[in-house]
Each structure stands twice: as structure tokens, then as C-alpha cells.
1. Go through segment 61-126 and name the chymotrypsin sites (Phe, Trp or Tyr not before Pro) that are in a DSSP coil and have 16 or fewer other Cβ atoms within 10 Å of their Cβ.
2. For Glu124, Glu57, give me the order by solvent-accessible area with a 1.4 Å probe, most accessible first, ignoring ligands, DNA and RNA.
3. Round to the nearest 10 and give me the degree value, 0 to 90, for the angle of helix 65-82's Cα axis relative to the longest principal axis of the chain.
4. Provide the per residue accessible area, probe 1.4 Å, for the chain, rounded to a whole number of square angstrom.
5. So, with +1 on the Cβ of K and R and -1 on the Cβ of D and E, and no other charges, what is the size of the charge dipole of segment 406-510 about its Cα centre, to the nearest 20 debye?
6. Please determine, in degrees from 0 to 90 and to the nearest 10, the orientation of helix 351-367 with respect to the longest principal axis defined by the Cα atoms of the chain, where the helix direction is its Cα long axis.
7. Let me see the pair-distance distribution of segment 377-446: every alpha carbon pair, 5 Å bin width, integer percents in order.
8. Quick one: Karplus J couplings for segment 123-138, per residue in order, coefficients 6.51, -1.76, 1.60, θ = phi - 60°, nearest Hz, x for Gly and Pro?
Amino acid sequence: MASVLGREFTLDLAEEVWDGGGSLEARLQELKELEFLRERHGPAERTFVFRHALTREVAYDGILQARRRQLHGRAGAALEHSQPNRFEQYELLAYHYFHSAGPARAIPHLAAAGDRARDRYANEEAIAFYRRAAELIEGEDGDRRADLYGAICESLGTVLRQLSQYDAAVDAYRKGVNAAGDPLQRARLRALWCDAEEGAHRYPEALAQCDLAEQELGPASDPPELAWLSAWLAVQHSRMSVLYWLNDTQTHARLVEQVRPYVEAHGSAEQRASFLLGLVGFLMRRDRYHVTDETVEVARAANAAAQEAEPSPFWWAVFDLGFVLLWHGDLDEATVVLRETLAEAERRGDVMTRSRALTYLMVAGRKRGDVEEVRHAVGPVIEAAREALLPEYEAMAIANRAWVAWRSGDKEAATADAQAALDMWEGLPVRYIFDWMALWPLVAVALGSQQIEQAADYARRMLPPPQQLLQQPARTLAEDAIHARDAGQLGQAEELLRRAVRAAGDLGYL
């Protein structure tokens, strides 16, 4: 019996499960004398522990399966009767009921154990618990547990998405949508499905899920019910995120104005954070990453709302603030905030946000002109980007490696890496926005080799939308150099490009 209870067990639990003859405590004392068990006296209960895991495994394997199932069922019932609300017992309850003659009794406990693992960021454990619960529901009449199944799929998909396992997350959300009977639950699952498609850079598929989510919701009542409004706002947040990546500022602007009155009139702190994050994205795109004081204020407000909503799913508002501060030129504060983001992402096991934080800490080092900091950052950024399936950030690392090579006098390596980064960005589904990271080293190398026309062509590629708007005076100097080159005035173009390169150095581009 003791082996069924686990590697360690309390005397109280063992006495509730025991159905043999004689004194249980005497039997346990006998096992202690034989050194199979040791006893630990806690403040409230006596606990027995198998000295060796192998001993317990051998004893467990020696019990007939029918008897094991019976004992597991008795252990689960005893735990549920004596400690029904102890959160830390969910895993043990799930374990015993799963191995009992009635494994379906484990389903709610597996879901709760998954939540507990998720909340302490034990993501792989959470995934295992959720999948086991889902499989048990799939093995019975799933219609009886449709809403629970949908909730489990939602939780599973969200943890998978945090690990950048986007296809697996989509599969979980799809199963939840197909099972859920509540249209609000289906709409919420489709909004999360959109987020997973966005993470995988499948933007048309992401927007399609937003459209389907709105169909699930149907029209609003007047005034809208809060449950409907909450689901609708979640869908619009997901839609704004996709519009950001597509650089569709016109549609994004209309959606901001459509959502704003609902948030201002009815929004919770979490919903305000969501809306303000969408607004930050719109302002960044509208202004081509030439960050104004207004955008900084909105980012600070988003972060404040997210903190007010703790525990909030929008904790990455901290990252957005760091990102905005970086492009505003507040490098010291940006570095502090991005390091905070990195620590939190590592604590939560969020590989995507970890990759972003590492990437822009590297960029902050480049903006400061710290060659050694960037040199040491490149490898970890590449590794994190590959883990998170973010090729744009791998290319960022390669572009910054090109900058390190140029600053170190290795023109050949600078040229090769810069071109490799540009090639990677060209392969993305949407146009990348920070090509200057690779192009400025190419301008400098070409100019040093007296390839004036080539240098001007590289400079030209930095200027059109959606590329980040270059700071002055580098932008005007580059524009004037290109005009001179097009007019055949190569001497003037060379002089303007040399001045542009010096300005780029002063501004943290080179």
C-alpha cells in the first residue's frame, strides 16, 4: 500500500487508505527498522519517506494492477475528503485518480494542477497536466464537459504560445473552438488563435480569426453587456497587433477611435492597458519610430495600467516602455526597463519576450557605441531568436555583428554579415523596419572604397517607408547625397555621404 501513496506520504493518509489487518503503524515501524522507510516529524503531521526510489518502484510493480487501481482510488477519495481545498494537493489528487479505476475523476484536478504549474511558470509541467486532462475528456463523452474542455484548451494554447510553439497552440485553440458551446468562449479562443498565427507570421490567417471571432459574438446590445464587451475588446486588441505588423496605419487609426469610447466608459485596468498598448503600436508606426513625448506618455500610462491590473496578461507593457524609451533616446532608463523585462521573461519562461529584450539591449549598446557589449550580446541574441522562432531578431544580431566588424576594421566580414542580415529581412512576410542597422556599415565600407554610387544606393534603401525615420541631420544629408548622385555630381555626393557617416556616428547608428 505504501508504495501506491508515493515516495512520501503522511501517516493520516495511510491510515485512511489502509484496509489490511493489524496495526498499520506497527507495520510502518517494521519497515523503518528494515531501513526501507524513514520518518519525518512535521509540525502538524507525521510523514514517511522511502529511503530509495528504486525500493518504492519495485514494491509498486509487485502489486496487481486491479489492486493498484483500487488503492489509488481510495487514496484520492481520502485526500479529497480530508483536504478538499488544499491547492498543493491537486497534483496528488490528479495522480491518484488518473491511476484509479475511474480516471475521469482526475480531470478537474489535472486542470487545477496545470493552473498551479502555469502560475509558478513550470510551463512544461503545465502542458503535461493540461494535455492529460484533455485526453481524458476526449476519451469520454466530451459534450458533457464542453466548457471545461474549451477552458483547458485555452490554457494549454496560451502556455504553448508563450514557448513559441505556435502550431501546437493553434491546434489547442482549434480543438477548444470546435468543442465550446458558449459563443463568448469561442470568440475568446479565436482571438488567442489570432495571436498564435501572428506569432508564426501568418498575418492573413490571424486576421481571419478576428473576423470569425466577431461573427461568434454577433452585434452588441445597447448598452453592451460587460461579458460581450470584454470578449470584443480582446478581439480588437489582437486585431490591432496584426495591423501593427502589417503597417496598416489607416485601418489601425480607425480601430483605435472605434475602441477608445468603450474603454474610456467601461474599461477595466487590464482593458485600458490593452488599448494603450495598441495605441503605442499605432503611434510608433504612424511616426515611423521617430518617438515623440506623446508616445512616451502613452507607453508609461500603458505600463501603469498593466501594473494596476496585476496579475496581468499584459505584463509585457514593461517591454513596450523600454522599447519606446530606446527610440526616444533615453538609453539609461531604457536599459533598466529592458533588463527588468528580461528578468521577468526568464522567470516566466516567455521565450519570445526574452528574445526581444535581449535584442534591444544589444541595440542600446550599439546606440551607446559600446563595441564589446554588442560583441558579447550577438551570440545570445541569435540563440534566443532561434528558440523563439524570430528570424528578424537573428538578422538583427547579424547586422550588429557587421557593425562590430566595421568598427574593428574588418570590412570583408562587415560586408558579408550586413548583406546576410538584409537577405534574411527580405525573406520575411512583411517589410522590416530597421534596415539601417545593416545599411550604415555598408555605406561606410563602400565610401571607404570610393564606391560612391554604391554607397548612395545603400543610403537610398534607408529612406522610404516603412523604414525607421532617420534622425537629423543624417536624414537630410543622405537625401541630398542621393540627389547629387542622381544628378551625376559624384564629388558632391561623396562629400555629403562623408558628412552623413559622421552624423550617423554621432547619432549612434555607426
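1. Values: sites: Phe87, Tyr90, Tyr95, Tyr97, Phe98, Tyr121; in loops: Tyr121.
In loop regions of segment 61-126 (DSSP not H, G, I, E or B), the sparsely surrounded chymotrypsin sites (Phe, Trp or Tyr not before Pro) are Tyr121.
2. Sorted by accessible area, descending: Glu124, Glu57.
3. 80 degrees
4. 44 Å²
5. Here segment 406-510 has a charge dipole of around 240 debye.
6. Here the helix axis deviates by roughly 30 degrees.
7. Cα pair-distance distribution for segment 377-446, in percent: 4, 21, 29, 24, 16, 6, 1.
8. Rounded to whole hertz, the list is 5, 5, 4, 4, 4, 4, 5, 4, 5, 5, 5, 5, 5, 5, 5, 5.
The values are calculated or read from the model by the stated rules, or taken from the named source; none is laboratory data. Model, not experiment: these values are computed from the prediction. Backbone-built Cβ (ideal geometry, glycine too); neighbour counts: all protein chains shown. To get the accessible areas, we keep the full protein, side chains included, count just its heavy atoms, and leave off ligands, DNA and RNA. Shrake-Rupley method; radii C 1.70, N 1.55, O 1.52, S 1.80 Å.
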